[in-house]
Amino acid sequence: MPPLTQHDVFQTIQDKAKRKKDEGTILTKADITEHLKELYNSYLRGRLYFYAQDQDGLPICRVPTYLAGNKTYCSVARENVFGVEDWQSQPGPTDFIGNVWPPKVIEDLIGNVDETEYAVMKCYVCKEVGKVFCTCGYKSWRDYWPDYWLTCLLLRRAGARGYGIFAREAIQGSTIVGEYTGRIKPVKPNEEDGEDAYCVPISIGRRKIKQKSQPTAILSALHTGSISRFINHSCNSNARLQEFQCGLERRVIYVVTTRDINIDEELTIDYGPEWLVGDCLCGSIGCKNPPKSPKLLDTPVNDLSEDQATDEDEEDSYSDAWDTGYRSSDLEYEEDSEYEENSDCEKHRKRKGKTH
């Protein structure tokens with residue numbers, strides 16, 4: 001019997017929840033968390049997509065992204081995706097410090113980071129402080145954060161802003177709540193069709209202390225990425241995107257809380273001044289550019305029932321889950337994750353009709 005698809009698991013969860021309701025009982029929080037881990041199991045057949053959740057965390061529908069009048073579904077990426085074809089004809093930046101150009105694997109761009117870079121001092125996995133004792137690397141982080149996401153975060157409707165990330169558990173300030181992942185691509189100004197709507201810059205090449213500028217690439221989470229792609233803007237944000245090194249193996253963009261966050265509170269970042277060219281829908285106290293009509297803040301962009309219907313009508317791709325552009329020098333990861341899905345990342349989202 002072939003492995004189940006994500007949609008098969010979703011239907012099973014829905015059936016279990018209905019039976020519990022008919023019996024006059026409910027699924028416990030721990031039960032729901034285990035079901036979520038089943039829903040996002042990397043060994044399911046086909047691509048993995050994001051599912052919106054209810055107040056308790058139960059998945060209710062696949063999440064679409066509406067961009068310039070088109071609807072797409074973003075696949076799940078546990079780490080950044082690299083496509084060698086994106087870089088073959090790209091001239092090397094004059095300030096790039098590295099041994100290989102054009103890059104052949106993702107490590108040629110964001111691997112082999114320098115010890116002078118800003119690193120997380122306390123390991124999120126083993127809790128050791130300092131590189132002398134900690135032997136955890138990027139693989140440890142990649143295996144750790146999905147459990148944190150499914151236990152501590154919710155992906156829910158957020159009114160006129162589409163979907164957003166909410167705290168399922170209380171979260172302390174200065175907590176790394178996830179990585180912003182995407183397909184790593186060259187910076188191309190004036191990208192058409194909203195391709196830059198989910199882009200975040202990331203430094204590439206080795207960094208030297210006296211280097212005046214650092215070349216960058218973009219992490220595009222339009223088609224594949226982590227749950228962090230759904231983080232909304234707020235003029236009074238409670239999180240930020242920050243570039244770190246993970247061990248001495250990989251440069252990453254983390255989402256870090258800037259204060260304590262309560263249960264059911266939405267996690268937000270500041271998209272920057274470019275976002276405020278139109279009405280801001282954050283609804284926060286001190287919003288820098290609120291809409292003229294307050295009713296807009298509570299008006300969903302699309303009817304949730306439409307998303308639920310499309311989830312039932314559209315079949316998952318049964319092809320191999322690897323993105324055709326994915327390359328990795330981590331052979332162990334390739335062998336262990338035959339059915340795994342792919343990735344994306346962000347810092348400022350430019351306003352081009354994007355909603356999710």
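The values are calculated or read from the model by the stated rules, or taken from the named source; none is laboratory data. On a predicted model such as this, the values are computed, not experimentally measured, just so you know. Neighbour counts run over all protein chains shown; Cβ positions are idealised from the backbone, glycine included.
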**Message:** Please count how many residues of the stretch 214-246 are over 17 Å from residue 52 (Cα atoms) and in a strand (DSSP E or B).
**Reply:** 14
**Prompt:** Which one of these does residue 199 not meet: (1) surrounded by fewer than 19 Cβ atoms within 10 Å (Cβ to Cβ); (2) modelled with pLDDT of 90 or more; (3) closer than 27 Å to residue 91 by Cα?
**Reply:** (1)
**Message:** Show the residue pairs meeting these rules: Cβ distance below 9 Å; 6+ apart or different chains; first residue within the stretch 36-58 and without any contact (Cβ under 8 Å) to a residue 60 or more places away in the chain and over 15 Å from residue 12 (Cα atoms); second residue in a helix (DSSP H, G or I) and among the basic types (Lys, Arg).
**Reply:** 56/29
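Name the residues in the stretch 5-49 that are in a loop (DSSP other than H, G, I, E, B) and surrounded by 17 or more Cβ atoms within 10 Å (Cβ to Cβ), would you?
Residues satisfying the conditions are 27, 40, 44, 46, 47, 48.
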**Asked** Are any of the residues in the stretch 69-84 buried (at least 19 other Cβ atoms within 10 Å of the Cβ), more than 16 Å from residue 183 (Cα to Cα) and in contact with a helix residue (DSSP H, G or I) (Cβ under 9 Å, 6 or more places away or on another chain)?
**Response** no
**Request:** Please give the number of the condition residue 126 fails out of (1) of a type outside the set (Val, Ile, Thr); (2) loosely packed, with under 15 Cβ neighbours inside 10 Å; (3) at pLDDT 95 or above.
**Result:** (3)
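Which of the residues belonging to the stretch 203-251 are among the aliphatic types (A, V, I, L, M) and over 24 Å from residue 73 (Cβ atoms)?
204, 209, 217, 239, 248, listed by residue number.
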**Message:** Can you tell me how many residues within the stretch 59-85 are outside any strand (DSSP E or B), farther than 22 Å from residue 151 by Cα and either β-branched (Val, Ile, Thr) or free of Cβ contacts under 8 Å to residues at least 40 places away in the same chain (or both)?
**Reply:** 1
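Could you please find all residues in the stretch 25-35 being without any contact (Cβ under 8 Å) to a residue 12 or more places away in the chain and of a type outside the set (Asp, Glu)?
The answer is 25, 28, 30.
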